[in-house]
Amino acid sequence: MKGSGVSSLGEMIDDPMVYGENEPSVSKEQLEAELADARLLHKLSIELIQEDGTAGLYKKIVEAAVAIMRSQFGTMQMLYPDGGRIGKLRLLACSGFTPEAENYWEWVYQHTGSSCGEVLRTRRRVIISDFRTCEFMRNEPTLPIFLDGGIYAAQSTPLYSRTGKLLGMISTHWKHPHNPPQRHLDLLDILARQAADLIERTQTAEKLKESEQRLRALATATNDVIYRMNADWTEMHQLDGRNFLVDSETTTDWLRQYIPPEDQEQMMTVIRDAIRTKTMFQLEHRVFKADGSTGWIFSRAIPIVGEKGNIVEWFGAASDITEKRSLLTELEEMVAKRTSELKRSNEDLQQFAHVASHDLKEPVRKIRTYGILLKNELCNAPDGKPGLFTDKILESARRMSTMIEGVLTYSSLNATEQKIELLNINDILSDILNDLEILIQQKNAVVEYGELPKIEGIQVLMYQLFYNLINNSLKFSKETERPMITIGSSTIVEGETSYAKIVVADNGIGFDPEHNETIFNTFARLHSKSKFDGTGLGLSLSRKIVERHGGTIIASGRKNEGATFTITLPLKRQIH
């Protein structure tokens with residue numbers, strides 16, 4: 001018993017005076033009674049070893065406690081843990097109680113006013129020599145119940161496992177005020193040790209029975225192959241092949257019988273590693289099926305570890321994944337085929353972009369060149385119509401050239417290998433404003449920005465992003481109002497990543513909020529191309545650039561009130 005410090009049962013039977021060293025001398029009758037108690041414990045020990053009917057043994061333990069403690073009542077309870085809390089006690093056996101009392105005291109909780117409840121709170125033996133003077137029983141609703149039942153004193157002894165786990169309790173009660181002598185409590189400690197061992201054995205047996213029942217149910221319900229292996233996997237036991245593998249009782253030749261030669265070394269490597277680390281074995285591997293063909297299984301085996309920490313055996317199950325592997329192989333072949341087709345398609349697209357860049361640009365350049373010559377030749381016509389026609393030819397050629405450049409940039413964006421470097425957004429904006437200087441002067445526009453962050457990215461793409469946004473703001477400005485473009489920034493943190501949040505806002509013609517998302521679609525145009533030139537690729541390209549840098553871009557507009565673009569970019573490299 002935890003903390004009892006009592007001599008062994010055999011020593012106490014041989015020398016019943018062991019209790020008299022620090023107590024007054026006792027009479028011959030008392031010694032004989034205590035010797036009888038020790039023999040009672042010895043007899044009970046033999047019965048506990050034989051373990052013939054657990055419920056009956058619980059009753060005998062309670063009756064032995066009543067005899068040892070010279071009490072009129074006794075109980076034995078088992079602790080049921082309860083979700084992280086202390087738990088509750090359930091009555092296993094009792095002596096001296098009426099059926100009504102047994103029913104009332106079937107469960108005892110931490111808050112219950114009793115010696116048992118106090119043990120749950122303190123985790124040590126509790127003795128109440130007189131309920132009427134017990135401090136913690138004062139004002140408890142259970143006090144009148146004890147007194148009306150003729151119980152005036154009680155003791156409760158916790159039952160601990162040999163590892164220090166609280167398992168239950170054994171209690172005795174008296175019809176009169178009583179303070180049990182230490183020699184009786186010492187004998188009770190021995191009985192408590194036996195009671196704790198019995199409860200622990202019972203719980204272990206119940207868990208084992210439960211586990212075996214679940215295992216049998218699992219084996220019955222599943223279609224998996226079930227098998228057992230000895231500790232070092234040199235012998236297989238009781239393989240139930242489920243008509244997928246050949247059944248086997250015991251064999252040492254399982255590796256040759258079930259595993260293809262070319263897979264045996266890989267399997268033994270995984271097995272040796274599982275044995276060394278005492279962890280689960282799991283592997284997808286080929287097997288010889290019952291019909292002689294080769295199939296695939298996913299096999300798992302769990303090590304069963306003994307008391308000394310050594311592996312006793314392995315319990316395993318294996319699932320037939322032949323069809324799954326076949327489908328996976330077909331899928332991999334399909335993916336490889338589609339990847340090849342996609343690669344060829346991308347190559348064709350790059351070739352088209354090359355044609356657009358070189359072959360189409362040259363005819364357009366000639367159209368513009370000869371259009372200018374023609375305009376110069378006909379500019380003196382009386383009605384001016386030839387000049388009007390040539391203007392339309394030149395405008396169409398210019399738009400076509402712009403479209404070709406946009407498609408070329410958009411289609412080659414992913415293929416472009418660019419250097420990743422730390423970029424100063426302020427320097428990029430300065431270059432953009434320098435390039436757009438004439439347009440800004442023509443529009444009498446104002447572009448304001450403060451100190452912007454440095455981020456890791458691709459220089460040419462980041463230039464293109466902000467060029468598109470500023471150029472858009474200038475292009476879609478109001479004719480009656482001076483264009484105002486503001487660029488501000490802040491830093492935000494999400495998880496472990498820091499982002500630059502950059503907002504580009506203008507006071508231009510704006511757009512309906514319903515177009516906040518569609519404005520990024522390829523070739524999307526919200527305004528007449530006769531009034532505003534362009535390809536419709538600028539914002540689509542901007543989104544692609546932002547996403548390639550691991551960021552987001554959100555548009556927010558109001559018609560005739562301007563547009564706002566919110567860009568979020570990681571400060572550290574996240575190029576996709």
Inspect all residues belonging to segment 62-79 and state whether any of them is within 40 Å of the chain's Cα centre (by Cα) and among the aromatic types (Phe, Trp, Tyr). no
Restricting to segment 517-537, and then to whatever is open to solvent by less than 50 Å² (accessible area, probe 1.4 Å) and either modelled with pLDDT of 80 or more or in a helix (DSSP H, G or I) (or both), can you tell me which residue is nearest to residue 573 (Cα to Cα)? 520
State which residue pairs qualify: first residue over 19 Å from residue 173 (Cβ atoms) and inside segment 185-196, second residue assigned to a helix (DSSP H, G or I) and hydroxyl-bearing (Ser, Thr, Tyr) in any location, beta carbons under 9 Å apart, and separation of 6 or more residues or different chains. 186/19; 190/45; 194/45
Considering segment 158-197, residues that are basic (Lys, Arg) and over 20 Å from residue 79 (Cα atoms), and then whichever is farthest from the chain's Cα centre (by Cα), we arrive at 175
What residue, among those in segment 137-153 that are more than 50 Å from the chain's Cα centre (by Cα) and not in a helix (DSSP H, G or I), is surrounded by the fewest Cβ atoms within 10 Å (Cβ to Cβ)? 150
Flagged in segment 157-177 as small (Gly, Ala, Ser) and either open to solvent by 10 Å² or more (accessible area, probe 1.4 Å) or under 11 Å from residue 192 (Cβ atoms) (or both), in numbering order, are 164, 168, 171
Out of the strands (runs of 3 or more DSSP E) lying entirely within segment 438-516, which hold 3 or more residues that are open to solvent by less than 70 Å² (accessible area, probe 1.4 Å) and in contact with a strand residue (DSSP E or B) (Cβ under 8 Å, 6 or more places away or on another chain)? 454-458, 484-494, 497-506
Can you pull out every residue in segment 237-259 that is aliphatic (A, V, I, L, M), open to solvent by less than 20 Å² (accessible area, probe 1.4 Å) and either modelled with pLDDT of 90 or more or over 37 Å from the mean Cα position of the chain (by Cα) (or both)? 259
Quick test for you: out of 323, 341, 262, pick the one residue that is within 20 Å of residue 225 (Cα to Cα), assigned to a helix (DSSP H, G or I), free of Cβ contacts under 8 Å to residues at least 12 places away in the same chain and open to solvent by 60 Å² or more (accessible area, probe 1.4 Å). 323
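The values are calculated or read from the model by the stated rules, or taken from the named source; none is laboratory data. Note that the coordinates shown come from a computational prediction; the quantities given were computed from them, not determined experimentally. Neighbour counts run over all protein chains shown; Cβ positions are idealised from the backbone, glycine included. Surface accessibility is based on the protein's heavy atoms, side chains included, excluding ligands, DNA and RNA. Shrake-Rupley method; radii C 1.70, N 1.55, O 1.52, S 1.80 Å.
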